[in-house]
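The values are calculated or read from the model by the stated rules, or taken from the named source; none is laboratory data. Values in this document were obtained by computation on a predicted structure and should not be read as measured data. Cβ placement follows ideal geometry from the backbone for every residue including glycine, while neighbour counts extend to all protein chains displayed. These area figures cover heavy atoms from the full protein model, side chains too; ligands, DNA and RNA do not enter into them. Shrake-Rupley method; radii C 1.70, N 1.55, O 1.52, S 1.80 Å.
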Amino acid sequence: MKFTLGKEERLKSRKLVGELYEQGKSIKVYPLRMVYIQTNHTSNYPAQVGVSVPKRNFKRAVDRNRIKRLLRESYRKEKYTVYSNAKQPYVFMISYLAKEEWKYEDIAQKMKKLLTRFIVEIHSDEK
């Protein structure tokens with residue numbers, strides 16, 4: 001498996017994003033929140049992911065973009081946990097909840113915890 005985050009692995013479809021927020025389930029590991037739904041998508045990968053940072057908490061675009069880069073990078077390094085354990089295709093959105101910018105190491109640690117909690121959650125849903 002490549003440790004990249006290509007175009008097909010990113011959530012781009014407005015239709016899927018709308019469906020995700022209407023019917024999706026949520027998991028929180030502060031400062032991260034994941035909304036996910038099990039659905040078929042156009043990608044060949046087991047998951048499509050999107051990241052978001054609210055404008056309400058970070059007024060400057062450069063701050064929002066930096067946090068989004070940190071979120072994508074931490075997901076890219078930990079995505080193998082999802083890929084090796086997900087049997088069905090998933091779509092999820094990861095949102096940043098804190099009002100201040102965290103260090104990359106802390107975000108990466110929380111991302112790992114969030115993805116393991118996601119795996120536990122989908123295995124409990126399958127049973």
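Quick rundown of the values:
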quantity	calculated
Among (1) in contact (Cβ under 8 Å) with a residue 12 or more places away in the chain; (2) among the small types (Gly, Ala, Ser); (3) under 11 Å from ILE94 (Cα atoms); (4) open to solvent by 20 Å² or more (accessible area, probe 1.4 Å) - the single one GLY24 does not satisfy	(3)
Some residue of the stretch 55-64 being farther than 28 Å from ASP125 by Cβ, open to solvent by 40 Å² or more (accessible area, probe 1.4 Å) and of a type in the set (Asp, Glu)	yes
Selection status of LYS2, closer than 14 Å to LEU115 by Cβ and open to solvent by 60 Å² or more (accessible area, probe 1.4 Å)	no
Residue satisfying all of: in the stretch 75-116; closer than 25 Å to SER13 by Cβ and among the charged types (D, E, K, R); least open to solvent (accessible area, probe 1.4 Å) among these	LYS79
Output for the stretch 29-53, where each listed residue is open to solvent by 40 Å² or more (accessible area, probe 1.4 Å), farther than 15 Å from PHE118 by Cα and out of contact with any Pro (no Cβ under 7 Å at 6 or more places or on another chain)	THR42, ASN44, TYR45
Filtered residue count, the stretch 31-47, keeping only those that are at pLDDT below 95 and either within 16 Å of TYR104 (Cα to Cα) or not aliphatic (A, V, I, L, M) (or both)	9
Number of the exception - ARG14 against (1) open to solvent by less than 10 Å² (accessible area, probe 1.4 Å); (2) out of contact with any Pro (no Cβ under 8 Å at 6 or more places or on another chain)	(1)
Filter result for the condition that a residue is over 12 Å from the mean Cα position of the chain (by Cα) and of a type in the set (A, V, I, L, M), over VAL62, VAL51	VAL62
